[in-house]
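Chemist: The structure is given below, and queries will be raised subsequently.
The values are calculated or read from the model by the stated rules, or taken from the named source; none is laboratory data. Everything numeric here is computed off the predicted structure, so don't read it as measured data. Cβ atoms come from the backbone with ideal geometry, glycine included; neighbour counts cover every protein chain shown.
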Amino acid sequence: MSEQNPGTILREESPQWLNMDDFSAGIDANRVAPSHDLAGRSLVIRGADGALSLAFGDDGTVTWSAEDFTWAGSGTDPYEEVPVGEGAYWIDFSLGERRVETLTVALHPERGWALIVHSRIHDEGADVETRVMQSFHAAQVEGIPRSTATPAPTRDLIGKRTLFRYSPNHLYEHIYLSSRRFVWQNLVGEQRGHAAAELATTYKLDDGLYLFTWREEKIPVGTVFVFDYAGGRSTGKFIGLEGDGTVANSPGGALIIPFGASDYSQHQEPV
């Protein structure tokens, strides 16, 4: 682990709540490097809610078409691809002129499972739980024999505590409280001392591989991450508004450090 520069680490609590751009710089330092393994391939991902077609170009763009989803549409947009787990990928792109919307797809092109996450930043005052809302669509890659279960919501993380080392200057703790909420606190970084309980969603993708998202209540920020516990890495992004209202879809990634767990089996299980 890198040595800390004492001059860059806050020793006391940050005096005010920060916007996304105040804490996100450098939060991808420990991220897995992007790949281009899918360039030249075309995939159709189909589930109960609709179908998503993806054609990955050699120029860093993906031509996509979504049918039957509430956010259906089509376009050609720059995308990011990062390998996660064993043979799986994390794919993310913004929806053309619909800059307040993004699609994140976790998929395994050989095992056939896929999970689509649609994220949208809503206007202030909208009748929603949080400014960033998300929908989840479990699916299968067409033409691939199903060898594993389709991704599904899971309670596997409840009770776990985990440290996430995003960079030498970013260290966060997560405590997974229930099927609906988790707590984060910043130990090292611009948000030092800040903590909050946020709405969260967890899906199991494969053995030791999870998709985890949260939606912040205090500021318009949401996330989509894949946790690879076996490999000790998290890969994902933050979508939200910066302090000046600019829409940002920013990469993030960390080293995963297990930090203990609570056992509710002899007591009352959380929701």
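Chemist: Checking GLU190 against (1) in contact with a helix residue (DSSP H, G or I) (Cβ under 6 Å, 6 or more places away or on another chain); (2) charged (D, E, K, R); (3) part of a strand (DSSP E or B), which single condition isn't satisfied?
Modeler: The one condition GLU190 does not meet is (3).
Chemist: Just to be sure I understand, how many residues within segment 71-110 are touching a strand residue (DSSP E or B) at 6+ places or on another chain (Cβ under 7 Å), within 23 Å of ASP228 (Cβ to Cβ) and assigned to a loop (DSSP other than H, G, I, E, B)?
Modeler: 4
Chemist: Name the residues in segment 51-92 that are out of contact with any Ser or Thr (no Cβ under 9 Å at 6 or more places or on another chain) and either surrounded by 15 or more Cβ atoms within 10 Å (Cβ to Cβ) or of a type in the set (Gly, Ala, Ser) (or both), would you?
Modeler: GLY60, GLU80, GLY85, GLU86, GLY87, ALA88
Chemist: Residue by residue through segment 141-183, note down the ones that are surrounded by fewer than 19 Cβ atoms within 10 Å (Cβ to Cβ), basic (Lys, Arg) and in a strand (DSSP E or B).
Modeler: LYS160, ARG161, ARG181 - these are the residues of segment 141-183 that are surrounded by fewer than 19 Cβ atoms within 10 Å (Cβ to Cβ), basic (Lys, Arg) and in a strand (DSSP E or B).
Chemist: Let me ask something else about it. How about segment 129-167: which of its residues are modelled with pLDDT under 95, in contact with a strand residue (DSSP E or B) (Cβ under 8 Å, 6 or more places away or on another chain) and aliphatic (A, V, I, L, M)?
Modeler: ALA149
Chemist: Checking the conditions here, which among ALA200, ALA230 is part of a loop (DSSP other than H, G, I, E, B) and within 17 Å of THR162 (Cα to Cα)?
Modeler: Residue meeting the stated conditions: ALA230.
Chemist: Which one is surrounded by the fewest Cβ atoms within 10 Å (Cβ to Cβ) among residues in segment 247-268 that are over 23 Å from ASN169 (Cβ atoms) and in contact (Cβ under 8 Å) with a residue 24 or more places away in the chain?
Modeler: By that ranking, first place goes to ASP263.
Chemist: Keeping to segment 208-226, report how many residues are out of contact with any helix residue (DSSP H, G or I) (no Cβ under 7 Å at 6 or more places or on another chain) and modelled with pLDDT under 95.
Modeler: Qualifying residue count, segment 208-226: 4.
Chemist: Another question about this same structure. If you take the residues of segment 184-217 that are under 23 Å from GLY26 (Cβ atoms) and of a type in the set (A, V, I, L, M, F, W, C), which of them is surrounded by the most Cβ atoms within 10 Å (Cβ to Cβ)?
Modeler: Ranking the candidates gives TRP214 first.
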